[in-house]
Amino acid sequence: ATGKKVDSGEIYTKGIRNLTEEDVAYAAALNCTIKLIGMGSVEDGKVSASVSPMLIEKSCPLSGVEDVFNAVIVRGNMCDTLMFYGRGAGKLPTASAVVADIIDCVKHLSARKYLSWDDAGISYIEDHTHDTLRLYVRLFADVDRAEVRAEAEKLFGEIKVLGRNGEDKGELAFITPYAFEYELTEKLSRLGGCKIVSTMRLLD
């Protein structure tokens with residue numbers, strides 16, 4: 001997409017292994033779903049890229065992508081927002097892709113197709129902690145939950161506290177305001193009297 005080679009090891013990645021039913025319930029209470037999202041953008045000559053589970057509002061078309069379907073959203077300064085959606089797995093879609101590749105090879109038996117990318121260099125990838133975003137946070141208070149909430153409000157300013165059916169005693173989930181991720185992480189490290197069990201980005 002950028003014409004430069006990006007080492008996948010330099011891209012921030014976070015899987016879904018630590019997600020729980022409680023996180024899904026809080027997402028539903030927020031009228032959101034959780035999806036594993038790969039994102040990339042170019043600004044000021046640097047690439048910001050990440051793969052992580054994210055909270056997505058149900059009004060966003062990506063929230064309804066299920067089963068073997070995949071979707072890609074492209075945002076441009078002229079074209080606005082475009083979405084490409086279709087089957088990404090299954091025997092027939094896979095067979096179609098394989099046959100298309102074979103046909104492409106046969107059609108170009110006497111020609112060579114060249115693909116190349118320039119070396120990007122280490123400084124080409126932006127540190128993911130410099131992304132401006134909101135975080136979903138779920139924690140358990142070792143002390144009184146009200147005290148932890150008050151301390152969180154003192155650190156972050158206005159937070160959106162979430163609720164769910166069957167909420168455990170001492171459990172607190174909230175959405176932070178917008179900030180650089182490194183600032184949010186640093187403030188979470190200063191939040192005493194609790195154990196943070198889950199954090200997740202919100203897709204805007």
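The values are calculated or read from the model by the stated rules, or taken from the named source; none is laboratory data. These figures come from a predicted structure and were not determined experimentally. Note: ideal-geometry Cβ built from the backbone for every residue, glycine included; neighbour counts use all protein chains shown. Calculation scope for accessible area: heavy atoms of the full protein, side chains included, ligands and nucleic acids excluded. Shrake-Rupley method; radii C 1.70, N 1.55, O 1.52, S 1.80 Å.
Quick notes on this structure:
- Strands (runs of 3 or more DSSP E) (entirely within the range 92-204) containing at least 3 residues that are among the small types (Gly, Ala, Ser) and surrounded by 15 or more Cβ atoms within 10 Å (Cβ to Cβ): none
- The residue that is nearest to Ser52 (Cα to Cα), counting only those in the range 15-30 that are open to solvent by 90 Å² or more (accessible area, probe 1.4 Å) and part of a loop (DSSP other than H, G, I, E, B), is Ile16.
To keep it simple, each residue is scored yes or no on (1) modelled with pLDDT of 95 or more; (2) of a type in the set (D, E, K, R).
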| position | (1), (2) |
| --- | --- |
| Ser110 | no, no |
| Lys113 | no, yes |
| Trp117 | no, no |
| Gly121 | no, no |
| Ile125 | no, no |
| Glu147 | no, yes |
| Thr176 | yes, no |
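- Only listed residue being at pLDDT 90 or above, open to solvent by 50 Å² or more (accessible area, probe 1.4 Å) and of a type in the set (S, T, N, Q), chosen from Ser59, Ser63, Ser41: Ser59
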